[in-house]
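Read through the structure below, which is laid out as structure tokens, and then see the notes.
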Amino acid sequence: MKNGRGYRLWDLMAFFYDQFFKRFPPYQKLQKEIIENLNNSQNPADLFLDAGCGTGIMSIELAERGYFVVGVDRSLEMLERARNKKERKRLDNLIFLERDLNNDFNLPEYSFNKIFMIHSLYLMNDPKAALQKLASFLPQGGELVMCNPCRRLTFKELWNGGYSFIRESTRENGILSILFFLPITLAMGTLNFVIQHRKKKQIFHRWEEKEISDLLKSCGFQVKWLEESCLANSHLLLCAVKG
Ligand SMILES: C[S@@+](CC[C@H](N)C(=O)[O-])C[C@H]1O[C@@H](n2cnc3c(N)ncnc32)[C@H](O)[C@@H]1O
């Protein structure tokens, strides 16, 4: 399947994605919070879905802990990077598939215990339809872990985010590495800005606590826990249970 117009931005983003998020402290904090909140009694044989998996950062983190994971994304470039990492790490309990969550996609051969949807629901044309579809993959009591923006970032917060990435990167690789990392920061910042403002082609949703709780309720989920997360606490990380 050929990627369409609206998909190309994510294909482009794939070139910088790992370089950026490997060294972006708010994203690492989020990842740590998600892993810490994994139920200790979770059966390692459980099957997880990573919906909108990108380059597979979360999928790989989970697979390395022994869980079986299916990562889906519609960007072929993101998927290619995810698959390369999987090969390099020789993870047999992980598979990446091309799926468009805006369409009526299927994963018929799998029955999931938990779904992760990190930074992806807000990009859906119809988030309610996507959530209903995801709910259909879970049994009663199955969990959905999500992180979505709840407000706009101020320019100062964006600046601080970019600065923290540059600081981490140069600390790790020496001051001259700024020549490499500064263009990445500018590219990621610009692409993010474009995605947020492409009103005609792509919708960028934000939900405050009550709004996301109501949306989840209308799709058969009950929020189990919820906390502010990510850059300047501009996102809500939550776990919801299918009733
Ligand atoms: C901000 S990235 C998040 C990636 C990953 N979850 C993470 O936290 O690193 C958003 C991802 O959603 C994917 N995406 C956007 N719209 C999608 C759709 N309709 N179907 C499947 N994936 C989609 C993009 O290709 C991109 O990889």
Subject >> Over 27 Å between alpha carbons, listed pairs Lys85/Lys217; Lys86/Lys156; Lys210/Lys242; Lys89/Lys114; Lys156/Lys224 >> reply: Lys85/Lys217; Lys86/Lys156; Lys156/Lys224
Original post:
Tell me, what ³J(HN,Hα) does each residue in the range 59-74 have, in order and in whole Hz, if you take phi through Karplus 6.51 cos²θ - 1.76 cosθ + 1.60 with θ = phi - 60° and put x for Gly and Pro?
Top reply: 4, 5, 4, 6, 5, 5, 8, x, 6, 8, 10, 10, x, 10, 7, 9
Original post:
What shape does the range 155-194 have by the C-alpha gyration tensor, where a ≥ b ≥ c are the square roots of the eigenvalues, rounded means a/c under 1.5, and otherwise prolate means a/b greater than b/c and oblate the rest?
Top reply: oblate
Original post:
Can you sort Thr55, Thr185, Thr190, Thr170 by how many other beta carbons sit within 10 Å, fewest first?
Top reply: Thr190, Thr170, Thr185, Thr55
Original post:
How many angstrom lie between the C-alpha centres of the range 204-228 and the range 21-82?
Top reply: 21
Original post:
Per residue of the chain, what 222 nm ellipticity follows from adding -39500 (n - 2.57) for every DSSP H run with n ≥ 4, rounded to the nearest 500?
Top reply: -14000 deg cm²/dmol
Subject >> Table column - 3J(HN,Hα) (Hz), the range 17-22, Karplus curve with 6.51, -1.76, 1.60, x for Gly and Pro >> reply: 3, 5, 4, 6, 6, 4
Original post:
Ile115's amide H: which non-local residues (gap 5+, or another chain) put their own amide H closer than 5 Å, with H modeled 1.01 Å from N in plane and none for Pro or chain starts?
Top reply: Leu49, Glu143, Leu144, Val145
Original post:
What residues have an amide H closer than 5 Å to that of Phe68, excluding those fewer than 5 places away on the same chain, when H is modeled at 1.01 Å from N in the peptide plane?
Top reply: Asp46, Phe48
**OP:** Considering Cα pairs under 8 angstrom that are at least six residues apart, work out the relative contact order of the chain and quote it in whole percent.
**Re:** 22
Original post:
So what are the chain's ellipsoid semi-axes, whole angstrom, largest first, if each one is the square root of 5 times an eigenvalue of the alpha-carbon gyration tensor?
Top reply: 27, 21, 19
Original post:
In whole Hz, what ³J(HN,Hα) sequence does the range 164-178 give by Karplus (6.51, -1.76, 1.60; θ = phi - 60°), x for Gly and Pro?
Top reply: 5, 5, 4, 4, 4, 5, 6, 4, 6, 10, x, 5, 5, 5, 4
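Just so you know, all these numbers are worked out from the coordinates, no wet-lab data involved. Quantities reported herein were computed from a predicted structural model and do not represent experimental measurements. Neighbour counts run over all protein chains shown; Cβ positions are idealised from the backbone, glycine included.
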